[in-house]
Amino acid sequence: MEGSPLTPPTSATGPSGPRASFWQRFGAYLIDVILLGIVLGILTAALKTTGYVIGIAIELAYFTYFEGSPSGQTIGKRVLGLRVIDYATGGPLGYGKGFLRTIGRIVSGVICALGYLWSIWDKEKQTWHDKIAGTVVVPVSDYPVNRS
């Protein structure tokens, strides 16, 4: 029963255009955290607390760099054909907004991940970290990456 309150739709559209669905975003994030989890696990096993701290820094740098890049794509987003864009301009975020969005993920996860789930009900399909940074996650098929 797709689209019911308990099952988010597999594709989404906000009032201002096509958006990534909750499940598309979830899949991309799952790919990213599996990759980062492997790195964090290896570093923590090898270096204990120092490795854990380095791993957290790598995670912050990973999301800031990839989402702030001109493509707006982490590895998970690239695999699933998604990208993050600036809500106001429709263009790349830049690294400052990429970092703000990355820090905003902490806020999204604090209260039982409510900030992540927010995209299910939000008219623009934004999470709290999208709202904090002024971003939206969109399908590349509708918002192609300019590779020039």
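The values are calculated or read from the model by the stated rules, or taken from the named source; none is laboratory data. These numbers were taken from a predicted model, which means no experiment stands behind them. Backbone-built Cβ (ideal geometry, glycine too); neighbour counts: all protein chains shown. When the accessible area is computed, the model is the full protein with side chains, heavy atoms only, and any ligands, DNA or RNA have been set aside. Shrake-Rupley method; radii C 1.70, N 1.55, O 1.52, S 1.80 Å.
If we scan the stretch 21-41, do we find a residue that is under 16 Å from the mean Cα position of the chain (by Cα) and not in a helix (DSSP H, G or I)? Yes, there is a match, as at least one residue in the stretch 21-41 is under 16 Å from the mean Cα position of the chain (by Cα) and not in a helix (DSSP H, G or I).
If I ask for residues that are polar (S, T, N, Q) and open to solvent by 10 Å² or more (accessible area, probe 1.4 Å), which ones from the stretch 74-89 would you list? First the steps, then the outcome.
Quick first cut of the stretch 74-89, residues polar (S, T, N, Q) only: 74, 89.
Of everything in the stretch 74-89, just one residue is polar (S, T, N, Q) and open to solvent by 10 Å² or more (accessible area, probe 1.4 Å), namely 89.
Checking the structure you have, find out if any residue of the stretch 60-69 is open to solvent by less than 70 Å² (accessible area, probe 1.4 Å), among the hydroxyl-bearing types (Ser, Thr, Tyr) and touching a residue at least 40 places away in the same chain (Cβ under 8 Å). Among the residues of the stretch 60-69, not one is open to solvent by less than 70 Å² (accessible area, probe 1.4 Å), among the hydroxyl-bearing types (Ser, Thr, Tyr) and touching a residue at least 40 places away in the same chain (Cβ under 8 Å), which makes the answer no.
Is it fair to say residue 76 is farther than 17 Å from residue 133 by Cβ, touching a residue at least 12 places away in the same chain (Cβ under 8 Å) and of a type outside the set (A, V, I, L, M, F, W, C)? Criteria met by residue 76. Within the set of pairs 6 or more residues apart or between chains, which connect a residue that is closer than 15 Å to residue 122 by Cβ and hydroxyl-bearing (Ser, Thr, Tyr) inside the stretch 11-29 to a residue that is open to solvent by less than 60 Å² (accessible area, probe 1.4 Å) and modelled with pLDDT under 90 with Cβ atoms less than 9 Å apart? Final answer for the pair search is 21/8; 21/9; 21/12.
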